[in-house]
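**Q** Below are the structure tokens for one structure; questions will follow.
The values are calculated or read from the model by the stated rules, or taken from the named source; none is laboratory data. All values derive from a computational prediction rather than experimental measurement. Positions of Cβ are backbone-derived with ideal geometry, glycine not excepted, and every protein chain shown enters the neighbour counts. Protein only, heavy atoms only, side chains kept; ligands, DNA and RNA dropped before computing areas. Shrake-Rupley method; radii C 1.70, N 1.55, O 1.52, S 1.80 Å.
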Amino acid sequence: MLTKQQIDEFHREGFVLVPGLLEPAEQERYNARFLDIAQGDAPPEMTVMRDVMVVKGAVTPKTPVHGINKIMNLETDPILFDYARHPATLAIAAQLTGDQHLYTISTNVFNKPPDIDGRHPLHQDLRYFRLRPASGIVGVWTALSPCTRESGCLAVIPRSHHGPLLGHGDPDWEYVNRAFYGVTDVDRDSRQHIEMAPGDTLFFHPLLVHGSGRNRTNDFRRAISIHYASAECTTPGRDWKTGPHVRPVP
């Protein structure tokens, strides 16, 4: 559970970092399952997304893992979906949303291989969700490998969640992965880089502007992530709780 000071920090800055939330054995379990999936053992309905540089032939992957940017929709995988049911992430998400009844609305393992651009432009996650209010949604991002400036750690713009949902568009880069939109008007000089050790977990508001850079190391940068939404959230004209990749937790 977060302290009052940590909760205040989240609401003031738009994020709070919790060191060592996942034990090494948990990290290894998720990493091992990701590697199995990357080598072909993906369950039904899971999306395995290859990096755009690999798809376009700019890079020939050394291994199947080297060609994957991320996997999505972890709900059908009992090992990876345990992350969504983790008592600590659930307890903190309930504190931050103010609701014990939570649903998963986005689940990912992000894989940033060496020798691939792999940047994710500065963006707001609310761009991908129709649910409102934004305060009923919280993002959770746990490092599964060292996340440093050199390996392409997350960068955030503190307090940007106090503003509106900004305009997004395709960045002017040669290689941009599918649906990696970026904000069109933001002060990049105000970025704060969040370096994380394996097991460290960032909780963040869906309006917080954030992104990540290139991996300039010889190792993979990997993280597992989820967005929870309060059962009190709504979306115009549809029952979002019946969506194909929406699950109540725990």
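**Q** In the stretch 57-92, how many residues are open to solvent by less than 30 Å² (accessible area, probe 1.4 Å) and basic (Lys, Arg)?
**A** Qualifying residue count, the stretch 57-92: 1.
**Q** Oh, and also: Only one of PHE10, PHE34 is touching a strand residue (DSSP E or B) at 6+ places or on another chain (Cβ under 6 Å), open to solvent by less than 50 Å² (accessible area, probe 1.4 Å), part of a helix (DSSP H, G or I) and over 14 Å from ILE224 (Cα atoms). Can you tell me which?
**A** When all the criteria are applied, what remains is PHE10.
**Q** Now, a different point. How about the stretch 132-144: which of its residues are surrounded by fewer than 20 Cβ atoms within 10 Å (Cβ to Cβ) and assigned to a loop (DSSP other than H, G, I, E, B)?
**A** Result: PRO133, single match.
**Q** Filtering the stretch 13-26 down to residues that are over 18 Å from GLN192 (Cβ atoms) and either in contact with a Gly (Cβ under 6 Å, 6 or more places away or on another chain) or not in a helix (DSSP H, G or I) (or both), which residue is least open to solvent (accessible area, probe 1.4 Å)?
**A** LEU22
**Q** In addition: From the residues in the stretch 162-179 that are over 13 Å from LEU122 (Cα atoms) and not aromatic (Phe, Trp, Tyr), which one is most open to solvent (accessible area, probe 1.4 Å)?
**A** Filtering first and then ranking leaves ARG178.
**Q** Being within 16 Å of the chain's Cα centre (by Cα) and over 26 Å from GLY167 (Cβ atoms) is the filter; apply it to the stretch 198-219 and report the residue that is most open to solvent (accessible area, probe 1.4 Å).
**A** PRO198
**Q** To continue, here is another question. Go through (1) touching a strand residue (DSSP E or B) at 6+ places or on another chain (Cβ under 8 Å); (2) small (Gly, Ala, Ser); (3) farther than 26 Å from ASP41 by Cβ one by one and return the number of the condition ALA84 breaks.
**A** Checking ALA84 against (1) touching a strand residue (DSSP E or B) at 6+ places or on another chain (Cβ under 8 Å); (2) small (Gly, Ala, Ser); (3) farther than 26 Å from ASP41 by Cβ, the one that fails is (3).
**Q** Kindly indicate whether GLY118 is closer than 17 Å to LEU144 by Cβ and touching a strand residue (DSSP E or B) at 6+ places or on another chain (Cβ under 8 Å).
**A** Spelling it out, GLY118 is indeed closer than 17 Å to LEU144 by Cβ and touching a strand residue (DSSP E or B) at 6+ places or on another chain (Cβ under 8 Å).
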